[in-house]
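Asks: Below: one structure in structure tokens.
What follows is calculated from the coordinates using simple rules that are stated; it is not laboratory data. Predicted, not measured: the structure shown is a model, and the values here were computed from it. Here Cβ is always computed from backbone atoms with ideal geometry, including for glycine, and neighbour counts include all displayed protein chains.
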Amino acid sequence: MPKYAEDPAWSDVEPLPQNDGGPNPLAAIAYTEEYSEAMSYLRAVMASNDMSERVLDLTEDIINMNPAHYTVWLYRAKVLFNLNYDLRKEIDWLNDTALKHQKNYQIWQHRQTIINRLGSADGETAFIAKMFSKDPKNYHVWSYRQWLVRRFELWDEGEIEAVEGMIKEDVRNNSAWNHRWFLVFGRDSSAHKEQDVIERELEYAKKAIVLAPQNQSPWNYLRGVLRYAELPVSHVRDFALGFAPADSPDDVRSSYALDLLADVYEEQHQKEEAIKALDLLATKYDPIRARYWEYKKNLLEQPTAAA
Amino acid sequence: MSSESPSLNKPKHLKYWTRCLKTYLPHAYIANDSMRMTLAFFIVSALDLLDCLKSHTTEAERKDYVDWIYHCQHPHGGFRGFPATDFGELRNETNAPWDPANLPATYFALATLIILGDDLQRVRRRACLKWLAEMQRPDGSFGETLGENGVIEGGMDTRFGYCAGGVRYILRGLVDGPVEGVKDIEVDKLVWCIRGSETYDGGISEAPFHEAHAGFTYCAIGCLSFLDRLPHGAKAKRQDAPENNIPITGLSNLDITIRWLVSRQTMTLDEEDAVDTRMDETDTAATCHDAHSFVKMGSFISTAGELSYKDRPSTPTQLQWAGFNGRCNKIADTCYAFWAGGSLGILNKVHLIDHTANRRYLLEKTQHMVGGFGKQPADPPDVYHSYLGLAALALVDEPGVKPISPTLCVSKDALRHLEGLPWRRKVEAGDAASAQARGTDTLAVREGAVEGKYAAMSGG
């Protein structure tokens, strides 16, 4: 059913069909008539650099079928700017489109272009929250959020509270943990090097671990902070022992505690203890990685191997 | 609990891929139209990995495939992602920005040509390499396309770095500096850029401070391998060189990166497994590494449940199936078996995974009865997951599947074909003196050194 061919608004455009390149093209797709027609009109308008408003409808049509098309977005942005189009209206449209195509990444590039041009982050946090209600780990949205924080200096505008709220909701949301790291350590200032910040972050991770000991995210965060502050892992030795008592191998409550303790023992040259911890991991608490724990054990046996 | 060893249903996979090659992909792929070159790569490479490319296509067909790829070559170097942006005779300076070459498409086009046995003689090599250098930003990262006024479009993203490293390796090997008057990309800057994307937990993300992700981690490690800038290898081999000649390498802390990669293996296989057990007594290490799956298995989430659990032996029944996730605390997905496994493969550490449980996951949970693999259990197959499932098995000597180069993600046969091309050897020989002084090994040599190692280490 031709859509553009019968529309008087498009009567001056000669559609440009696709040359698919020979008798045996690779990855040929069963295009719908609708898609083929729209793409033929898109090629025609792009070829003549048509910047009229009707192009917005056409690009919208194509984006709905193929949101990953890498030049349709660039072309649309140029048309919008040429027409001095109301960019708020574009954002409204983008909101619907982003909710429809959760996994698409070009949408967020385009949003960045538009919001950058608008020069205002108004309403963005609310929309991001809406996206997170569908998928609180959406990678593109988190990446966009970081851009937004930097672009509009939102460091102290409720970000840390928002991310704490999300961690409270799901203490295993690693994306939220990562965003916290970005907020604390990604800021271009030296405040994050201060001792009280390091202590605060260690405490935050510890509290989350107490809540759910078998959760990799806060353990990774804890180790990350220690490494960042150049503190030895033994700094949290007693804390970890609370989840994996050395004298009671049946009472281990977290494989991550045991893993960390193996590193503590290594650091403190308690080789026997380290081997005991690694054996427990391999045989009982984390057998899926038995070969890795064996490998770590072998490394311990080797006389100071070159890094 | 089945004790039989699962198997790859090769005839079905072959049928699936032959259908993808010779008939139209269904409507749903319209959303992937702009990455047709990538789909083409998956289809052709899958048939090659199954060792059926020559037996299931005629020479004339293969010639047509090669011609189609060259049909997508861009007049100014590089390749288009799909034929749809080509304006044909209407192409001119003003509409050129809407029809650019695409970096991932260029990598996949070259890789597919190699698999098809082409000698790359029709590639506009100098134009392509010139364009490649223009695609690099001052921070070292690469973009996806060149837009109006030479603006580099597309996100700052490790994927493009991998493709850039790959295009460079394919078209000019390990030679540093200008080749035939075309300047090199800024290799050091690219390595620094990858270093900047290392995360606090040992993984790598798409850009600084973004979340660690197995796909991006693979791209970063693959890129370093293409550039011969991994911590072992490059550094170790070049220790004779004067101090200031030692090039910088990526992966500032190899140990924690390996740790992060092996941590991706998980028994959490579906959304039900991922039920949040926060503040629940059963959430302990004794419930196996992945507490979630235990909770499902035992069907209790209460104090009473914990009490009943207390005296039960912790037999890891679920160890039968363990796939890979792409990020911490996410569920398993077929493709990450390659992204994580391939990363470890490049680092010569693939033997550290639980291969048996991973194989069971792929063959019993996501392998589909019509052939191919789905993303997760019970999902229909798609080209992307079907290829990466197969590639993951190829990493660890699956019977009936050709060995794979973890860096290029093509068969080792294809890699050897590339490295044997006479023009390419000439390019490398043109710089032989310095190349030798650096003691660099080709990928086939570096990866070949560990061939059969997996079997040896996992035997018994």
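Asks: Place a +1 charge on the Cβ of each Lys and Arg in region A:244-307 and a -1 charge on the Cβ of each Asp and Glu, then give the dipole magnitude about the Cα centre in debye, rounded to the nearest 20.
Replies: For region A:244-307, the charge dipole is close to 260 debye.
Asks: State the Cα centre-to-centre distance between region B:165-223 and region B:78-112 in whole Å.
Replies: 23 Å
Asks: Summarise the partner chain shielding of B:39-52 as one whole number: the mean count of Cβ atoms from other chains within 10 Å of each residue's Cβ.
Replies: That average works out to 1.
Asks: Also, I was wondering about something else. How large is the direction-averaged shadow of the alpha-carbon convex hull of region A:6-118, in nm²?
Replies: The Cα convex hull of region A:6-118, projected and averaged over all directions, gives 8.0 nm².
Asks: From the mean inverse distance of alpha carbon pairs (Kirkwood) and the Cα radius of gyration, derive Rg over Rh for the protein assembly as shown.
Replies: Rg divided by Rh gives 0.96.
Asks: Stretch A:Lys168-A:Lys271 to full length: gain in nm at 0.36 nm per residue minus the Cα-Cα span?
Replies: 33.3 nm
Asks: Given that compact globular proteins tend to follow 2.2 N^0.38 Å, what is the ratio of the alpha-carbon Rg of region A:244-307 to that value?
Replies: Taking N as the residue count of region A:244-307, the ratio is 1.05.
Asks: Loop only by DSSP, 14 or fewer other Cβ within 10 Å of the Cβ. Give me the trypsin sites (Lys or Arg not before Pro) in region A:1-85 that pass, ordered by residue number.
Replies: A:Lys3
Asks: In Å, what Rg and Dmax follow from the Cα atoms of region A:24-85?
Replies: Every Cα atom of region A:24-85 included, Rg and Dmax give 12.4, 44 Å.
Asks: Between the alpha-carbon centers of region A:1-61 and region A:148-186, tell me the distance in whole angstrom.
Replies: Their Cα centres are 43 Å away from one another.
Asks: Treating the beta-carbon of each Lys and Arg as +1 and of each Asp and Glu as -1, no other charges, what is the dipole magnitude of region A:142-257 about its Cα centre, to the nearest 20 debye?
Replies: Charge dipole, region A:142-257, about its Cα centre: 360 debye, nearest 20.
Asks: Which one, A:Tyr75, B:Tyr218, B:Tyr200, projects farthest toward the positive side of the charge dipole computed for the protein assembly as shown from Cβ point charges (K/R +1, D/E -1)?
Replies: The Cα lying farthest towards the positive end belongs to B:Tyr218.
Asks: Where Rh is the Kirkwood radius over the Cα pairs of chain A, the temperature 4 °C and the viscosity 1.567 mPa s, what D in µm²/s does Stokes-Einstein return?
Replies: Stokes-Einstein gives a translational diffusion coefficient of 54 µm²/s.
Asks: If you don't mind, there's one more thing I want to ask. With no solvent and one equal point scatterer placed on each C-alpha of region A:137-220, evaluate the Debye formula and give log10 I(q)/I(0) for q = 0.16, 0.23 Å⁻¹, two decimals.
Replies: The Debye formula, applied to the Cα set alone, gives -0.63, -1.22.
Asks: What FRET efficiency comes out for A:Glu153 versus B:Asp441 if R0 is 51 angstrom and r is the Cβ-Cβ distance? Round to the nearest 0.05.
Replies: The pair A:Glu153/B:Asp441 has a calculated efficiency of 0.60.
Asks: Using Cα positions and a limit of under 19 Å, work out the lysines in reach of B:Lys12, with same-chain residues fewer than 8 apart set aside.
Replies: B:Lys22, B:Lys54, B:Lys365, B:Lys375, B:Lys402
Asks: Follow-up. Can you spot the aspartates and glutamates whose alpha carbon is less than 15 Å from A:Lys89's alpha carbon? Ignore those fewer than 8 places along the same chain.
Replies: Excluding near neighbours in sequence, the set is A:Glu53, A:Asp57, A:Glu60, A:Asp122, A:Glu124.
Asks: Local charge sum around A:Gln195 (other residues, Cβ-Cβ under 13 Å, Lys/Arg +1, Asp/Glu -1)?
Replies: Within the 13 Å Cβ shell, the charges total -4.
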